[in-house]
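A short write-up of the structure that comes next.
The values are calculated or read from the model by the stated rules, or taken from the named source; none is laboratory data. Because the structure is predicted, anything quoted here is derived from the model rather than measured. Cβ placement follows ideal geometry from the backbone for every residue including glycine, while neighbour counts extend to all protein chains displayed. These area figures cover heavy atoms from the full protein model, side chains too; ligands, DNA and RNA do not enter into them. Shrake-Rupley method; radii C 1.70, N 1.55, O 1.52, S 1.80 Å.
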Amino acid sequence: MKFWRFISLRKSYLQCLYPLFKPFNPSTQIPHNPKSLQTFAKFGGEKAKAILTLIQKGDFSPTPNAFSKLLSECSATKSLKEGMQIHAHITKSGFSDDTSLRNHLIGLYSKCEVFGYARNVFEEMAEPDLVSWSSLISGYAQNGFGREALLAFYEMHSMGLKCNEFTFPSVLKACSILKDLNIGKQIHGIVVVVGFESNVFVVNTLVVMYAKCGELLDSWKLFDEIPERNVVSWNALFTSYMQNDCFGKAVSLFQEMILSGIKPDEFTLSNIVNACSSAGDYDQGRRVHGYLIRLGYDSDPFSANALVDMYAKLADIDAAIIVFKNIVPPDIVSWNAIIAGCVLHAYYDLAIELLVDMKCSEVKPNMFTFSSILKACASLEMKDLGMQIHSYSTKMNFGSDMYVNVGLIDMYSKCNLLKDARVLFNQTLNPDLIAWNALISGYSLKGDDKEVISIFSEMQKEGHFFNQTTLSTVLKSIASLQKVEMCNQVHVVALKSGLDSSVYVMNGLIDSYGKCGYVEDAARIFCSGSCEDVVSFTSMVTAYAQYGQGEEALKLFLQMLDQGLKPDPFACSSLLNACANLSAYEQGKQIHVHILKSGFMLDVFAGNALVNMYAKCGSIRDADLAFHEIPDRGIVSWSAMIGGLAQHGHGRQALNMFNQMLKEGVSPNHVTLVSVLCACNHAGLVTEAKQYFSSMEESFGVEPKQEHYACMIDLLGRAGRLDEAMELVDNMPFEATAPVWGALLGASRIHKNIQLGRRAAERLFVLEPEKSGTHVLLANMYAAVGKWENVAEVRRLMKDSRVKKEPGMSWIEVKDKVYTFVVGDRSHSRTEEIYAKLDELSDLLAKAGYVPMVEIDLHDVERSEKEILLYQHSEKLAVAFGLIATPPGAPIRVKKNLRVCIDCHTAFKFICKIVSREIIIRDINRFHHFRDGSCSCGDYW
């Protein structure tokens with residue numbers, strides 16, 4: 001036994017606290033509530049009051065034994081006022097030296113937390129006995145003053161007094177309070193030396209002490225060695241496991257206790273109810289409720305409150321309310337439990353109703369009540385009620401409570417009162433991490449991403465710690481801003497802080513890098529981490545789909561299914577976008593089936609993605625069906641459908657749908673109006689387009705942007721109204737961008753306006769010097785009018801500028817696989833069959849009257865070679881493969897990365913009639929449906 005260790009702590013304890021055996025000054029030594037006299041006077045003591053009245057009238061002269069009984073009652077009910085009056089009568093009666101009465105007074109004052117009085121009585125004793133010391137130590141320990149209890153124990157021990165079975169539990173409880181395992185072990189040694197190691201009360205306290213000090217194994221060993229365990233022993237064990245968050249184990253040990261024949265008491269059952277709540281074990285919690293009813297403890301306030309809390313936390317709000325209504329009367333703990341449960345499970349309206357009922361019951365809410373209700377106000381955006389709570393909490397002096405402050409910051413943020421949230425935050429003394437996160441989340445929620453970054457920078461400068469919630473919110477804002485430099489910086493911060501392994505941070509990094517266009521970095525984090533959940537897969541799929549790697553997105557979908565993960569509506573939306581970008585119609589239909597099976601058809605995001613996918617995969621009919629399945633069609637739904645119709649050349653239908661949207665009260669945004677102008681453009685509806693464009697701001701409150709001007713200029717140019725188009729360019733309120741000059745160049749080529757075409761090309765050389773499309777269009781324009789010297793000049797310029805022509809690529813989906821073709825491609829496994837089909841088509845096309853348009857080929861070769869080169873365009877190879885790889889009569893769907901050339905366009909009009917198939921070509925501008933010898937674009941593209 002190393003008792004010297006315990007003795008060596010004496011000096012440090014004395015320095016920290018007070019000199020031993022000096023009278024306490026309650027106002028300065030050990031803090032207590034100055035209103036304690038009034039508070040404790042409210043707790044019963046009716047018998048003592050009656051006897052005091054008789055004593056004051058002179059009708060009763062109690063003996064020391066009677067005074068002892070009166071003090072015991074006051075101590076049990078914590079009736080301090082009556083106890084002090086009895087103390088005065090004891091002094092008047094001359095019984096002040098009675099040791100038993102002094103011990104009772106020490107016990108009374110200790111339990112009522114007025115340790116200065118307890119110490120004064122104690123020091124007036126000539127020779128305090130074991131009971132006196134035990135009363136003082138117990139009072140300290142019962143009220144949480146662990147150090148004072150240990151110092152009193154040392155004082156007693158140094159005087160040669162030996163502890164008994166009543167003193168040791170108080171001393172061990174003091175060790176538990178301080179979580180001082182070293183001293184606890186030394187006290188354990190003393191217990192063994194003096195022979196109390198088999199005493200059930202002492203061992204029970206040892207079980208708890210070791211558990212609270214984190215030594216669960218030692219705690220279990222002690223329990224296991226108890227020869228005759230009682231309910232207190234089991235309660236100590238349950239407390240041990242619950243202290244160490246082993247709630248499931250506590251619940252299973254309860255079953256073991258029942259099987260051993262020990263009858264639980266109300267303390268056992270309320271503890272196990274709390275364990276069931278924390279372990280999420282609803283069924284066992286119900287069984288414990290049954291025990292409470294059978295044993296008659298269901299009216300016990302602690303057990304009833306524990307039941308309310310359990311049912312509320314485990315989402316059985318109805319059961320929680322039934323238990324709550326049977327509590328007569330419910331106290332503040334009861335109200336807080338039911339209100340917090342309602343808020344936890346989003347029954348916000350019910351939580352507010354309960355607050356009103358609470359107010360009517362005259363139970364005053366505390367900071368925990370306000371913390372819960374403020375969450376409800378934030379979720380419902382009830383700023384008026386939130387502000388009333390703010391005012392009331394200030395009057396109740398809860399303004400300094402951090403939980404209330406955080407709740408107010410969160411409420412103001414979610415009610416779009418960010419200035420108020422910021423003012424409150426600035427007024428908070430030493431805001432903690434939760435307060436910082438609440439402010440950051442508020443700005444993030446309202447889309448003020450720049451302010452989120454600014455607050456995070458401020459947080460770092462002030463040296464505040466952050467957690468995974470902070471970084472994931474900041475990364476979300478960085479993703480919205482698409483600032484890869486910031487993403488890199490936060491990544492470094494995450495690495496240095498060790499938060500890079502957090503699932504939330506890793507998912508945030510994947511999403512942020514992906515949305516910034518750094519797909520490889522996102523993929524590297526995805527592959528290197530262990531965060532392969534639905535969120536990370538969705539972020540990665542979205543990144544692949546957004547930046548043209550649809551094949552990789554679909555591979556991830558299969559990997560997801562292999563791992564047993566079920567894509568959510570957001571993942572399905574991203575997968576549908578990948579299918580849309582690839583024109584992967586069949587795979588898109590498979591995702592559609594998954595959406596149906598998973599019950600996501602009511603999800604607006606999934607519905608909108610379906611409309612977009614079918615429209616971009618060439619099936620406007622399926623897009624229309626999907627559109628009408630969306631239950632609550634918003635502006636995104638309408639815009640997707642109108643845009644789809646426009647892309648497919650159904651201009652009139654697109655405008656009819658736009659008018660229907662207006663009738664249903666949905667206001668257009670700038671995207672919708674771009675789609676409307678595109679519909680007019682593809683259908684050649686110049687008059688209608690001019691009407692919509694001129695009335696945009698007046699009718700719909702949408703100011704024309706670059707995209708709207710580009711649509712109008714393209715439309716006017718294609719219609720041959722080049723002067724009007726140029727006038728619109730000159731009168732634009734901003735500098736013309738590349739799409740505008742590109743539209744003018746395209747129109748100049750169609751209408752052979754060399755001067756305007758040259759001017760447009762010169763501007764494009766400045767704005768987009770790396771784009772080969774400008775050189776190609778300019779050269780084609782010169783070639784169309786026979787200016788071959790100019791063609792050669794453009795080719796030289798292209799070579800000198802080191803601009804490489806973007807290769808034409810086409811994609812076709814056959815049997816769930818997407819095949820890619822380039823001009824002259826011979827890499828396909830069925831190349832011989834593809835070229836044989838082209839030769840076959842060549843003969844049939846010649847007989848049908850098709851003549852290759854060799855003038856559009858700019859290669860300096862013979863006519864026959866130009867014809868061969870035209871036949872080997874990527875879209876023709878894709879169509880030929882579709883003819884040999886798909887069933888007769890099935891539509892052929894091809895996507896091309898560039899504008900379909902005029903020769904291929906002409907050839908497909910012949911081919912669709914020859915083979916009796918619909919050929920759907922999606923180029924960079926629109927869809928072309930070739931059917932019965934004509935195209936849906938009406939040769940206007």
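Quick one: putting +1 on the C-beta of Lys and Arg, -1 on the C-beta of Asp and Glu, what dipole do you get for region 365-486 around its Cα centre, in Debye to the nearest 20?
Working: 11 positive and 12 negative charges, 29 e Å.
That gives a dipole near 140 debye.
Report the dimensions of the chain along its three principal axes from the alpha-carbon atoms, largest first, rounded to Å.
Extents along the principal axes: 133, 57, 54 Å.
Under a plain spin-label model, where a point goes 7 Å from the Cα along Cα-to-Cβ, how far apart in nm are ALA76 and ASN656?
8.9
Could you state the number of Å between the C-alpha centres of region 743-773 and region 353-398?
Cα centroid to Cα centroid, the span is 66 Å.
Rolling a 1.4 angstrom probe over the protein heavy atoms, how many square angstrom per residue are accessible across region 101-143?
Details: 1340 Å² over 43 residues.
Result: 31 Å² of accessible area for each residue.
Taking 0.36 nm per residue of separation and subtracting the Cα-Cα distance, what length does fully extending LYS752 through HIS828 add?
Separation in residues times 0.36 nm, less the Cα-Cα distance, equals 23.5 nm.
Based on DSSP H runs of at least 4 residues, each adding -39500 (n - 2.57), what is the mean residue ellipticity at 222 nm of the chain after dividing by all its residues, to the nearest 500 deg cm²/dmol?
So the helix-based figure for the chain works out to -21500 deg cm²/dmol.
If the label point is 7 Å along Cα→Cβ of GLU197, which residues in region 147-180 have backbone nitrogen under 18 Å from it?
From region 147-180, the list is 163-165, 168-169, 172.
From the phi of every residue in region 304-309, what ³J(HN,Hα) in whole Hz does the Karplus formula 6.51 cos²θ - 1.76 cosθ + 1.60 yield, where θ is phi - 60° and glycine or proline is x?
Here the 3J(HN,Hα) series is 5, 5, 5, 5, 4, 4 Hz.
For PHE927, enumerate residues with amide H under 5 Å from its amide H, sequence gap 5+ or separate chain, H modeled in the peptide plane.
Sorted by chain and number, the residues that satisfy this are HIS648, GLY649.
Which stretch or stretches of region 432-465 have amide N atoms under 17 Å from the point lying 7 Å from ASP245's Cα along the Cα→Cβ direction?
Residues passing the 17 Å test: none.
Once phi is turned into θ = phi - 60°, what whole-Hz ³J(HN,Hα) does the Karplus curve with 6.51, -1.76 and 1.60 give for every residue of region 761-773, x standing for Gly and Pro?
My calculation for region 761-773 gives 5, 4, 5, 5, 4, 7, 6, 9, x, 8, 7, 7, x Hz in order.
Taking the Cα centre of each part, how many Å lie between region 105-142 and region 897-940?
100
Which residues does the label zone of SER480 cover in region 631-661, counting backbone N under 19 Å from a point 7 Å along Cα→Cβ?
636
So which of LYS419/LYS476; LYS771/LYS817; LYS419/LYS446; LYS589/LYS815 end up more than 20 Å apart by C-alpha?
Long pairs (Cα-Cα over 20 Å): LYS419/LYS476; LYS771/LYS817.
Can you tell me the length gained on complete extension of the stretch GLN489 to SER93, counting 0.36 nm per residue apart and subtracting the Cα distance?
134.6 nm
Between VAL785 and ASP800, what is the label-to-label distance in nm when each label sits 7 Å out along the Cα-to-Cβ direction?
Distance between the two pseudo-spin positions: 2.2 nm.
Please report, to two decimal places, log10 I(q)/I(0) for region 465-508 at q = 0.27 Å⁻¹ as given by the Debye formula with identical point scatterers on the Cα atoms and no solvent.
Log-scaled intensity ratios, in q order: -0.94.
Counting just the Cα atoms, what span does region 534-662 cover along each of its three principal axes? Round to the nearest Å and put the largest first.
Taking the Cα atoms of region 534-662, the three principal extents are 46, 27, 21 Å.
Pull out the extension gain between SER667 and CYS527, defined as 0.36 nm times the separation in residues minus the alpha carbon to alpha carbon distance; nm, one decimal.
That pair, SER667 and CYS527, stretches by 46.1 nm at full extension.
Report the far tail of the P(r) of region 811-924, meaning the percent of Cα-Cα pairs longer than 19 Å.
42
Just the accessible area per residue of region 793-941, please: how many Å² with a 1.4 Å probe?
51
Provide the per residue accessible area, probe 1.4 Å, for region 510-577, rounded to a whole number of square angstrom. Can you show the working numbers first?
Values: 2940 Å² over 68 residues.
With all protein chains present, region 510-577 gives 43 Å² per residue.
Carbon and sulfur atoms: what percent of the 1.4 Å accessible area of region 464-593 do they account for?
C and S atoms contribute 53 percent here.
Simple spin-label model, 7 Å along Cα-to-Cβ: GLN691 to GLN460 in nm?
5.6
Can you tell me, using C-alpha contacts under 8 Å and at least 6 residues apart, the relative contact order of the chain as a whole percent?
Reported relative contact order: 4 percent.
Looking at MET853, HIS708, HIS929, which one has the Cα that reaches farthest to the positive end of the dipole of the chain (charges on Cβ: Lys, Arg +1; Asp, Glu -1)?
Positive-end residue among those listed: HIS708.
May I ask you to give the percent of accessible area on region 655-813 that is carbon plus sulfur, with a probe radius of 1.4 Å?
Looking at region 655-813 in its full context, I get 48 percent from C and S.
In sequence order, what are the phi-derived ³J(HN,Hα) couplings for region 709-714 according to the Karplus relation 6.51 cos²θ - 1.76 cosθ + 1.60 with θ = phi - 60°, rounded to whole Hz, with x for glycine and proline?
5, 4, 4, 5, 5, 5
If the cut-off is 18 Å between C-alpha atoms, which aspartates and glutamates fall inside it for LYS847, apart from same-chain ones fewer than 8 positions away?
Result set, ordered by chain and number: ASP839, GLU867, ASP903, ASP932.
How far is helix 46-57 tilted off the main Cα axis of the chain, in degrees rounded to 10, range 0 to 90?
Its long axis makes an angle of about 40 degrees.
Where the accessible area of region 117-235 is counted over protein heavy atoms with a 1.4 Å probe, how much of it, in %, is carbon and sulfur?
Details: 2480 of 4880 Å².
Using a 1.4 Å probe with all protein chains present, region 117-235 comes out at 51 percent carbon and sulfur.
Given +1 on the Cβ of Lys and Arg, -1 on the Cβ of Asp and Glu, and no further charges, what dipole in debye does the chain carry about its Cα centre, rounded to the nearest 20?
Numbers: 93 positive and 104 negative charges, 127 e Å.
Computed about the Cα centre, the dipole is about 600 debye.
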